1. Go through (1) closer than 30 Å to A74 by Cβ; (2) surrounded by fewer than 16 Cβ atoms within 10 Å (Cβ to Cβ) one by one and return the number of the condition R231 breaks.
2. Take the residues of region 171-227 that are in a loop (DSSP other than H, G, I, E, B) and modelled with pLDDT under 85: which is surrounded by the fewest Cβ atoms within 10 Å (Cβ to Cβ)?
3. Can we say V249 is modelled with pLDDT of 85 or more and either touching a Pro at 6+ places or on another chain (Cβ under 6 Å) or over 24 Å from F73 (Cα atoms) (or both)?
4. Return the total of residues in region 190-220 being aromatic (F, W, Y) and either closer than 22 Å to G155 by Cα or in contact with a Lys or Arg (Cβ under 7 Å, 6 or more places away or on another chain) (or both).
Amino acid sequence: MKLVLLTALGVGGATIFGTVLGFLFKNISHKFSDIVLSFAAGVMLAAAVIGLVLPSLEYGGDWGLLYTVTGVFAGALCVNLFDKLVPHLHRLSGADQESHPGDTNKLNKVLLFVTAIAIHNLPEGIAAGVGFGAGDTSEALTVAGGIALQNIPEGMVIIGPMLAAGFKPARTFLVAAATGVVEIIGTLFGYFAVTVSAAILPFALAFAGGTMLYVISDEMIPETHAHGCERGATYALLVGFCLMLVFDVLLN
């Protein structure tokens with residue numbers, strides 16, 4: 001339980017760390033941001049497949065394939081529902097950069113942008129917690145590490161739009177940090193949900209994997225391919241994916 005709590009704090013803390021970097025480096029180029037985010041997407045892709053989807057097949061027994069396929073689509077549909085409630089992250093971030101400082105409409109868009117990130121952090125946190133519920137610490141750390149790495153650039157991109165909209169630095173930091181707290185809550189919820197009922201483990205693993213795969217495909221990849229750095233972003237994704245493969249082999 002201690003390791004789970006530390007991991008939850010680490011996953012959520014990665015967002016806070018990203019916000020600190022966002023204050024230090026306010027004028028990060030799109031190219032650099034896309035490379036880092038794409039690398040994180042590759043890490044998350046490997047973590048989702050190796051740490052969640054494949055274990056779901058293993059723990060599901062004779063019904064493993066059914067549990068896994070159903071869980072993956074259920075997780076994707078869950079995040080898709082969130083997308084119906086709040087617009088896509090890459091659309092919001094682009095809108096924020098084009099608005100005029102001090103405009104009420106801009107403030108609303110920035111708040112919606114932050115809300116969208118917070119909502120998307122919940123299933124990511126659940127994914128990290130479910131991994132520990134499976135009892136395989138190395139795989140769980142792989143998943144949590146991938147999510148934490150993705151949270152750093154995510155925390156960085158929050159800062160610029162909020163400051164440009166007129167938010168005070170202290171308030172900006174608190175609001176951005178709150179998105180990380182959501183992830184801590186999600187991690188603990190995912191862990192306890194699986195440990196209470198081991199019967200839901202195969203479905204829960206696949207569900208968590210589905211949420212991550214959806215976020216990668218629907219949010220992260222479009223964002224990294226929207227500013228003319230598609231080739232570099234693609235190779236960064238491959239590097240992140242292969243790096244996680246290496247870690248998985250070394251840890252096992």
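1. (1)
2. S197
3. No.
4. 1
The values are calculated or read from the model by the stated rules, or taken from the named source; none is laboratory data. Because the structure is a prediction, the values reported are computed rather than measured. Cβ atoms come from the backbone with ideal geometry, glycine included; neighbour counts cover every protein chain shown.
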